[in-house]
Amino acid sequence: MAEYDYDLFVIGGGSGGVRAARISATHGAKVAIAEEFRMGGTCVIRGCVPKKMLVYGSHFAEDLHEAHRFGWDVEGAAFDWPRLRDIVQADVDRLEGLYSVNLGNVGVEIIEQRAVVAGPNAVKLADGKTVSAKYILIATGGWPAPAGCPGEEHALTSNEIFHLEKKPENIIIVGGGYIANEFAGIFHAFGSNVIVANRSEKILRPYDQEIVGRLQEISEAKGIAYRLNAPLEKIEKNDDGTVTVHFRDGGPPQNADVIMVATGRVPNSANLGLEEAGVALDQAGAVSVGDDNRSSVESIYAVGDVTNRVQLTPVAIREGHAFADSVFGGNPRTISYDNIPSAVFSSPPIASVGMTEDEARAKFGEDIKIYRSDFKPMKNVVSGREERALYKMITRGPDETVIGLHMIGPESAEILQGAAVAIVGKMPKKVLDDVVAIHPSMAEELVLFK
Ligand code: FAD
């Protein structure tokens, strides 16, 4: 008789948990995974994937508006939110099914219910059953932070926003992070009046502030309003279903159909039986783990957003994969958190890798050099749109090692992914200079910095 019911019990079927379960099973482990909501987790069900689909939907607003400049007459173009919403949700359903099929194909047992830790080697399921496992992996992700003011129950979060019955005429989006700025672009394009309210002056703090400044300029020119230094005071629900939002900035209250709060995501570690089992949490409630993803309890590991390291899907996936290879694949390994490329799918998008100008100056002082390309993409020339792209390269030292790349402009996420190799490979700028440009393209600016 086996000592435990499973070699591995994964709690949470999101980006990190699914990868860890699948690879562990491939390495020969007997694996179960519990998911209390929908297989695929935040990214697939109510994050990256449906968000990006809405971003694609939003691009049509400007393209249709400018179509006549490209010779096309488009009569009667109108936006139908329920149609887009339902098509996006149908694809989410399809992906959810695929995740389950892929897990089943490698023999992972799927348990569709909530699971909590009941001891170093014990998991209790919502139906009351307790099972045992040699290892437990906590991959429960994060949860949107509440508004933190009276009336917070009247605010929506990214969890609900994908399911709106109708497109809001007026929406207040609270927060200065990437989710707030992405949804500002989405709803503005759909025709909503958008106000982005942030408690402090700065938005998109981790990003190069010159690039962020360009986004703010472009967004304001489009008609997205920013209400900065405006912490929430309270949210009131009106009889007609609208909300009135009061800010602590001395300004008047603001009415809207919808208030969406996107002020960050907290690790989903509450009521999981972790403290009782001796698993140490940090002040933010994240499971404290070492580089090997192991918690303070030898048999319990954690990966992904619940560890609050870098809250991105590719990072959760890498952590899950490294865990599986280390524990079941005879290949102990850790992942690198240096130079992680990321993007904000705002309108236009921002993409970034490496140090920002402020970070580089603080660390290396005068030993850095900044290159800029501030240009009007050809498409905007034809369309008559004033929007300019801005690319920045930051180099260090006499051989000009590339230590930062920051971009705002159409398709910047697509363009930056390849260019990030220069940073991870610690290449001198000369290597990029030696690359022949693809002309005409926006990407060629990366090899033409002067
Ligand atoms: P999750 O994917 O959150 O999965 C955790 C799972 O655990 C959930 O399915 C949950 O239901 C389940 N669960 C929790 N507790 C239990 C329990 N007790 N029992 C059983 N199941 C449980 N990242 C990017 O890289 N790019 C993007 O463009 C991007 N866009 C985003 C947009 C939005 C609106 C949001 C909210 C997030 C976005 N992210 C993006 C972040 C990304 O979704 C997360 O970093 C990623 O999903 C983390 O994966 P995870 O496995 O840690 O957790």
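Where helices (runs of 4 or more DSSP H) fall wholly inside region 378-450, the ranges with 3 or more residues that are at pLDDT 95 or above and either open to solvent by less than 10 Å² (accessible area, probe 1.4 Å) or more than 24 Å from residue 67 (Cα to Cα) (or both) are 412-424, 429-433.
Say whether the condition of being surrounded by fewer than 20 Cβ atoms within 10 Å (Cβ to Cβ), in the same structural domain as residue 33 (by TED's automatic domain parsing) and not in a strand (DSSP E or B) is met by at least one residue in region 166-179. Within region 166-179, not a single residue is surrounded by fewer than 20 Cβ atoms within 10 Å (Cβ to Cβ), in the same structural domain as residue 33 (by TED's automatic domain parsing) and not in a strand (DSSP E or B). In region 252-265, the residues that are in contact (Cβ under 8 Å) with a residue 24 or more places away in the chain and open to solvent by less than 10 Å² (accessible area, probe 1.4 Å) form Cβ pairs under 7 Å with partners that are within 16 Å of the ligand (Cβ to nearest atom) and among the aromatic types (Phe, Trp, Tyr), at six or more places apart or across chains, as follows: 260/183. Can you say whether residue 76 is part of a loop (DSSP other than H, G, I, E, B) and modelled with pLDDT of 95 or more, as far as the supplied structure shows? Against the criterion (part of a loop (DSSP other than H, G, I, E, B) and modelled with pLDDT of 95 or more), residue 76 does not qualify. Taken together, 279, 289 contain a single residue that is in contact with a Leu (Cβ under 9 Å, 6 or more places away or on another chain), of a type in the set (A, V, I, L, M) and surrounded by 16 or more Cβ atoms within 10 Å (Cβ to Cβ), which is 279. Summed over region 188-217, residues that are touching a residue at least 24 places away in the same chain (Cβ under 8 Å), in a helix (DSSP H, G or I) and of a type outside the set (A, V, I, L, M) total 5. Anything in region 124-142 that is outside any loop (DSSP other than H, G, I, E, B), within 12 Å of the ligand (Cβ to nearest atom) and touching an Asp or Glu at 6+ places or on another chain (Cβ under 9 Å)? List them, or say none. Passing the criteria: only 142.
Results for (1) within 16 Å of the ligand (Cβ to nearest atom); (2) in a helix (DSSP H, G or I), shown as yes or no for each residue.
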{"residue": "306", "(1), (2)": "yes, yes"}
{"residue": "311", "(1), (2)": "yes, no"}
{"residue": "358", "(1), (2)": "no, yes"}
{"residue": "366", "(1), (2)": "no, yes"}
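The condition of being among the charged types (D, E, K, R), more than 16 Å from the ligand (Cβ to nearest atom), over 14 Å from residue 383 (Cα atoms) and surrounded by fewer than 19 Cβ atoms within 10 Å (Cβ to Cβ) holds for only one of 80, 73, that being 80.
The values are calculated or read from the model by the stated rules, or taken from the named source; none is laboratory data. Since we're looking at a predicted model, the values are computed, not measured. Cβ sites come from the backbone with ideal geometry, for glycine too, and all protein chains shown count toward neighbours. Ligands, DNA and RNA are excluded from the accessible area calculation, which covers all protein heavy atoms including side chains. Shrake-Rupley method; radii C 1.70, N 1.55, O 1.52, S 1.80 Å.
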